[in-house]
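So the structure is just underneath, and the comments pick up after that.
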């Protein structure tokens with residue numbers, strides 16, 4: 001049985017109408033976005049902010065830190081530079097979180113999977129491959145993982161799942177083009193997708209929070225006041 005990751009959970013103020021599972025970036029924790037839920041004005045949503053496993057990260061001199069997968073080289077867009085075992089292992093942990101929501105009475109179709117940076121890359125990877133239809137996939141300041149497996153692994157259940165892609169125009173960590181490329185790739189397949197860029201670096205801004213708020217309201221009309 002797959003373990004359940006420890007997580008910061010913020011319960012809804014009213015009866016739960018859905019869940020947002022939000023994955024943090026490299027070296028961070030689930031506490032990174034704990035202040036965001038009140039800004040999203042979604043009192044009917046449960047927010048789950050899991051803590052990634054701790055593991056050595058090659059580009060950080062092998063230091064052990066919270067990470068969804070190892071980063072072997074900067075700009076490692078080629079498959080030989082990606083930590084495929086680490087990505088797939090974390091994907092199982094994230095899928096277990098979605099399954100747990102179902103056990104708690106929230107269907108997969110009422111779950112949004114999102115994340116920032118490494119977490120956003122994992123959200124795209126897991127969300128497009130998950131066997132049951134999700135409510136939405138939210139990718140913030142991120143990029144596509146294992147793109148060579150996209151065609152064979154994308155699940156039919158999530159080919160039309162709405163996608164939100166946001167990115168900073170001056171991002172020094174993950175180039176703007178990485179976000180644009182994944183948006184163009186997935187929207188070209190006919191998926192309902194939104195692209196938003198903001199005058200910021202590798203971060204989340206209030207302007208971006210407002211976009212996320214409106215997008216979530218469209219996914220969960222019953223959760224908004």
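The values are calculated or read from the model by the stated rules, or taken from the named source; none is laboratory data. None of these values were measured; they are calculated from a predicted model. All Cβ positions, even for glycine, are placed from backbone atoms using ideal geometry, and neighbour counts span all protein chains on display.
Just a few scattered comments:
- Count - residues of segment 110-122 that are farther than 19 Å from residue 194 by Cβ and either in contact with a strand residue (DSSP E or B) (Cβ under 7 Å, 6 or more places away or on another chain) or free of Cβ contacts under 8 Å to residues at least 40 places away in the same chain (or both): 2
- Test: residue 59 is assigned to a strand (DSSP E or B) and surrounded by fewer than 22 Cβ atoms within 10 Å (Cβ to Cβ): no
- Scanning segment 170-225 for residues that are farther than 14 Å from residue 120 by Cβ, in contact (Cβ under 8 Å) with a residue 40 or more places away in the chain, assigned to a loop (DSSP other than H, G, I, E, B) and in contact with a strand residue (DSSP E or B) (Cβ under 7 Å, 6 or more places away or on another chain) yields 220, 223.
- Some residue of segment 5-27 being assigned to a helix (DSSP H, G or I), modelled with pLDDT of 95 or more, closer than 25 Å to residue 135 by Cβ and within 14 Å of the chain's Cα centre (by Cα): no
- Selection count, segment 66-121, where residues are touching a helix residue (DSSP H, G or I) at 6+ places or on another chain (Cβ under 7 Å), assigned to a helix (DSSP H, G or I) and modelled with pLDDT under 95: 1
- In this entry, residue 139 is excluded by the filter for residues that are in contact with a strand residue (DSSP E or B) (Cβ under 9 Å, 6 or more places away or on another chain), at pLDDT 95 or above, under 30 Å from residue 44 (Cα atoms) and assigned to a loop (DSSP other than H, G, I, E, B).
- Checking each residue in segment 188-211 for being closer than 28 Å to residue 149 by Cα, surrounded by 14 or more Cβ atoms within 10 Å (Cβ to Cβ) and at pLDDT 95 or above picks out 193, 194, 195, 196, 197, 202.
- Which numbered condition residue 134 fails, given (1) assigned to a loop (DSSP other than H, G, I, E, B); (2) exposed (fewer than 15 other Cβ atoms within 10 Å of the Cβ); (3) under 15 Å from the mean Cα position of the chain (by Cα): (2)
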